[in-house]
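Note sheet for the following structure.
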Amino acid sequence: MQTTTFNPVENVTCFDLENTTLENLVQHAIHVGLCDMQIEMLKEQFEQTQLKKTNKAAVFLRKIYADGDVIILGSTTDSIELIAPFLEIELDSIKSIPLPQNFNYNTLFDFSTATFKALEQATIKQNPNLMFGYQHDFIHLLASNVNLKPSEIENKLKTTLTFCDELSNDKLNSLHLTNLFFKNRVPVAFYFQTATSTDKYLSWNAGFLQSILDIKPINTSSVNRAVVLNTILDKINYNGIQSLTLTQKDSLAHYNQIIEK
């Protein structure tokens, strides 16, 4: 029987803010289809990075990782501990849904593809828009009745959890699972809390974070202008000129000025 392997980082693009030019950064962003908001964020972060690099700052944002219509990660160094907090903003914006009653989480908390398909079918009935919009393939599940501890999650997933906060062993042993975040059917992030507090502690699937760090930047070499132009023309051909973003329109106008000269 063939098993499908899902990769949570297959659509993630890495932009190097440290070793590129602004023009090269923008051209690559247009080529992969980032929206105006993302490109403006990239430009702003690029300028800050270059300034801090010039001033020899100890820590500054070196890379940004984009996934579809959402900027999801920033990395100051190659350290996993400094990569996760940047993503927390987007996690909190994903609408949550409760675990469906027919998902047998008390006796079988299985993250296999088969179980996820059953879970997906049940949740889509409750929330038909679950798989659409900017969330893409993110699913945020509430697990308020699940008594799983971090160590049990690690055992079931055969991975290590990386917490954003430094926690003592006693604190870790008092935590239970409250929220799960799937990316492309893979559990990538978890919120835990204690029975006596509403404070939540975010942890990441360490394998997911390492996969993020392994993505090579696309903009370390110069972009082919003809490729970017073809990307814009293809979008016009399929969806009309009104479908272009402001950045794409500006880029097209720049090409026209070059041709006219």
Q) Going by the structure shown, is K216 open to solvent by 20 Å² or more (accessible area, probe 1.4 Å), out of contact with any Lys or Arg (no Cβ under 9 Å at 6 or more places or on another chain) and modelled with pLDDT under 70? A) no
Q | Qualifying positions in the range 142-157 - assigned to a helix (DSSP H, G or I), aliphatic (A, V, I, L, M) and surrounded by fewer than 17 Cβ atoms within 10 Å (Cβ to Cβ) | A | L157
Q: Determine the pairs where a residue that is under 22 Å from S211 (Cβ atoms) and of a type in the set (D, E, K, R), located within the range 174-199, has a partner that is open to solvent by 10 Å² or more (accessible area, probe 1.4 Å) and part of a loop (DSSP other than H, G, I, E, B) with Cβ atoms under 6 Å apart, the partner being 6 or more residues away or on another chain.
A: K183/P8; R185/F6
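The values are calculated or read from the model by the stated rules, or taken from the named source; none is laboratory data. Owing to the predicted nature of the structure, the values given are computational and were not obtained by experimental measurement. Every residue, glycine among them, receives a Cβ derived from its backbone with ideal geometry; neighbour counts consider all protein chains shown. For accessibility, only protein heavy atoms count, side chains too; no ligands or nucleic acids. Shrake-Rupley method; radii C 1.70, N 1.55, O 1.52, S 1.80 Å.
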